[in-house]
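**Q** I am attaching a structure below and will ask some questions about it afterwards.
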Amino acid sequence: MSNNPKFETQAIRTQSERTGNREHTAPLYLTSSFLFDDAEQMRAMFADEIPGNLYSRFSNPNTTELIDKVCLLEGAESGYATATGMAAVFTTLAALCSSGDHILACRSVFGSTHTVLTKLLPKWNITHSYVDIHETDSWAASIQPNTKLLFVETPSNPAVDILDLEWLGKFADEHGLILIVDNCFATPYLQQPIKFGAHLVLHSATKYMDGQGRVLGGLVVGKEELVDEVRLFARHSGPALSPFNAWILSKSIETLALRMDRHCSNALALAERLESHPDVELVKYPFLPSHPQYEVAKKQMRQGGGIVSIVVNGGVDRGREFLNQVKVASLTANLGDSRTIVTHPASTTHAKLTDDQRAEVGILPGLIRISVGLEHVDDIIADIEQALAASKPILA
Ligand SMILES: *Cc1c(COP(=O)(O)O)cnc(C)c1O
């Protein structure tokens, strides 16, 4: 590689060593363990005195290639790959926190992350406080003497709100907190939180990194000494990514930049079109000037991402009817896929919250989350427009 390879080149040319067969594409190492030359090598590898693959719960050439690639793309020192995005979230929080520690988290976190914070970690007396992403002035008051880390997502799911990463980096530094950013919605192609002071970046690789709805996967990358703790915890608790999924993901990332460019241009075109639609009360997209954090998004993101949130008039009923009327888009619990996906958070992922709790995280009754896919943009726009027309309530 050249001295200063660009994102696309790194995404394609970061590769594990090839075997004597001189294969062009990385071979798949479906093996649970690796051979040692002799007893001394075995002893030294177990003692961590020499590097090498020992057992695939610890490392495997396919997962190592994926980790090395994502570390380069995120500007991270070290990383570990997990079976799912949630394994990355849970393993990281469980590895870094001890009983009695406290976590500060933005309220608009991914649903299962919310369950980890509210239901799982309290089993070990690890507590949390939620902070409102629109009221960063009040965050310092929520810090306790035992607050260990700050966990955020930007853009947020599903309301695509944006947090200022530069501000977050300074805030974490000032208060001695470990800053963890779930970078799933942006991917390292659009935003690199480590540049702004994040200590760890988490991913659900299931989403844009695979990008084709095939495999689950997760990653945690960042500061070496923190990843070392995560790796120790993970190696012995066992959430390792399978070599097969790592192989898929490493290949997928070769086209991440291309795919993200198209996700973003399709999403922007759709968002612009829907802004003037009479049945759409609100369009939220980070690269629309009407987005409340447009300037921040422009500062820290290359493009606006592939998720557009809209609020249709007519509330929950209209939102659900809209879902019934789409013909191209899929109704499925995923995002970041080549196929456009629509969901109605108020009646599904966030149905258990009260209206007030939903409003706090920007989920209005008529909110539709559109994960804009890679179909032709004209067909995506036509499908959304016809679903809006077909779901129109009959006015009395
Ligand atoms: C999907 C998602 C996760 C969880 O990832 P899985 O691979 O489904 O376990 C975490 N954070 C965000 C923002 C997500 O969208």
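**Q** Counting Lys and Arg as +1 and Asp and Glu as -1, each charge on the Cβ, what is the dipole of the chain about the Cα centre in debye, to the nearest 20?
**A** Around 680 debye, computed over the chain.
**Q** Tell me, what ³J(HN,Hα) does each residue in the range 280-289 have, in order and in whole Hz, if you take phi through Karplus 6.51 cos²θ - 1.76 cosθ + 1.60 with θ = phi - 60° and put x for Gly and Pro?
**A** Karplus-based 3J(HN,Hα) across the range 280-289 equals 10, 7, 8, 10, 10, 8, x, 9, 9, x Hz.
**Q** Here is a further query. GNM, the chain, Cα, under 10 Å: largest mean-square fluctuation among 173, 317, 356?
**A** 356
**Q** Indicate, rounded to the nearest 5 percent, the antiparallel portion of the DSSP beta bridges found entirely in the range 257-390.
**A** 90 percent
**Q** Follow-up question, since we're still on this one. Report relative contact order for the chain in percent, whole number only (criteria: Cα-Cα under 8 Å, sequence separation at least 6).
**A** For the chain, the relative contact order is 17 percent.
**Q** Which helices, counted as full DSSP H runs in the chain, have an axial Cα extent of no less than 18 Å and a Kyte-Doolittle average of -1.0 or above? Show your work: numbers first, answer last.
**A** On the way: long enough: 61-74 (20 Å, 0.12); 224-237 (19 Å, -0.46); 256-275 (28 Å, -0.05); 377-390 (20 Å, 0.80).
Taking the DSSP H segments of the chain (at least 18 Å long, mean hydropathy at least -1.0), we get 61-74, 224-237, 256-275, 377-390.
**Q** Sort 23-34, 234-245 by packing, meaning the average of other beta carbons within 10 Å per residue, with the highest value first.
**A** In decreasing order of mean packing, 23-34, 234-245 become 234-245, 23-34.
**Q** Enumerate the aspartates and glutamates that residue 119 could reach by cross-link, defined here as Cα to Cα under 17 Å, with residues fewer than 8 away along the same chain left out.
**A** Within the straight-line limit of under 17 Å, residue 119 reaches these aspartates and glutamates: 101.
**Q** Still on this structure, I have one more. Taking R0 as 45 Å, what's the FRET efficiency between residue 332 and residue 33 from their Cβ-Cβ distance, rounded to 0.05?
**A** That pair, residue 332 with residue 33, gives E of 0.75.
**Q** Would you tally the net charge around residue 178, using a Cβ to Cβ cut-off of less than 9 Å, leaving residue 178 out, and scoring K and R as +1, D and E as -1?
**A** Local charge sum for residue 178: +2.
**Q** Could you check which residue among 191, 303, 41 shows the biggest mean-square fluctuation in a GNM of the chain with a 10 Å Cα cutoff?
**A** 41
**Q** Right, something else. Taking the Cα centroid of the range 102-159 and of the range 254-331, what is the distance between the two, rounded to the nearest whole Å?
**A** Comparing the Cα centres of the range 102-159 and the range 254-331, I get a distance of 26 Å.
**Q** At a Förster distance of 51 Å, what's the computed FRET efficiency of residue 22 paired with residue 379, Cβ-Cβ distance as r, to 0.05?
**A** 0.75
**Q** Count the DSSP beta bridges whose two residues both fall in the range 7-253, then state the antiparallel fraction as a percent rounded to the nearest 5.
**A** 40 percent
**Q** Another one. Among 298/327; 148/284; 195/299; 6/223; 148/299, which pairs are too far apart, with a Cα-Cα distance over 24 Å?
**A** In this structure, 298/327; 148/284; 148/299 exceed 24 Å between Cα atoms.
**Q** Further question on the same structure: Suppose a student asked you for the relative contact order of the range 257-390, using Cα pairs under 8 Å spaced at least 6 residues apart; what percent would you report?
**A** Relative contact order comes out at 29 percent.
**Q** Per residue, how large is the accessible surface of the range 257-390? Use a 1.4 angstrom probe and give square angstrom.
**A** In whole numbers, the range 257-390 has 44 Å² accessible per residue.
**Q** For residue 281 and residue 47 in one chain, what is 0.36 nm times their gap in residues minus the Cα-Cα distance, to one decimal in nm?
**A** Separation in residues times 0.36 nm, less the Cα-Cα distance, equals 78.1 nm.
**Q** Given the DSSP H assignment, sum -39500 (n - 2.57) over each helix run of at least 4 residues in the chain and divide by its residue total; what's the result at 222 nm in deg cm²/dmol, nearest 500?
**A** Here the helix-only value at 222 nm equals -10500 deg cm²/dmol.
**Q** Now, a different point. Extending each Cα 7 Å along its Cβ direction at residue 251 and residue 353, get the distance between those two points in nm, one decimal.
**A** That separation, rounded to one decimal, is 3.8 nm.
**Q** I'd like the FRET efficiency for residue 262 and residue 170, computed as 1/(1 + (r/R0)^6) with the beta carbon distance as r and R0 of 45 Å, rounded to 0.05. Walk me through the numbers on the way to the answer.
**A** Numbers: r = 34 Å, r/R0 = 0.76.
With a Förster radius of 45 Å, E is 0.85.
**Q** Using a 7 Å offset from the Cα along the Cα-to-Cβ direction at both residue 55 and residue 294, what is the distance between the two label points in nm, to one decimal?
**A** Result: 5.6 nm between the two label points.
**Q** Continuing with the same structure: Would you work out the relative contact order for the range 36-177, in percent, from Cα pairs under 8 angstrom that are 6 or more residues apart?
**A** 18 percent
**Q** Taking the alpha-carbon distance from residue 69 and a cut-off under 20 Å, which aspartates and glutamates remain once sequence neighbours fewer than 8 residues away in the same chain are dropped?
**A** By straight Cα distance, residue 69 reaches 8, 17, 23, 77, 182, 210, 224, 225, 228, 254, 261.
The values are calculated or read from the model by the stated rules, or taken from the named source; none is laboratory data. Since the structure is predicted, the reported quantities are computational estimates derived from the model, not experimental observations. We place every Cβ from the backbone using ideal geometry, glycine too, and count neighbours over all the protein chains shown. Just so you know, the surface numbers come from the protein's heavy atoms only, side chains and all, with ligands and any DNA or RNA stripped out. Shrake-Rupley method; radii C 1.70, N 1.55, O 1.52, S 1.80 Å.
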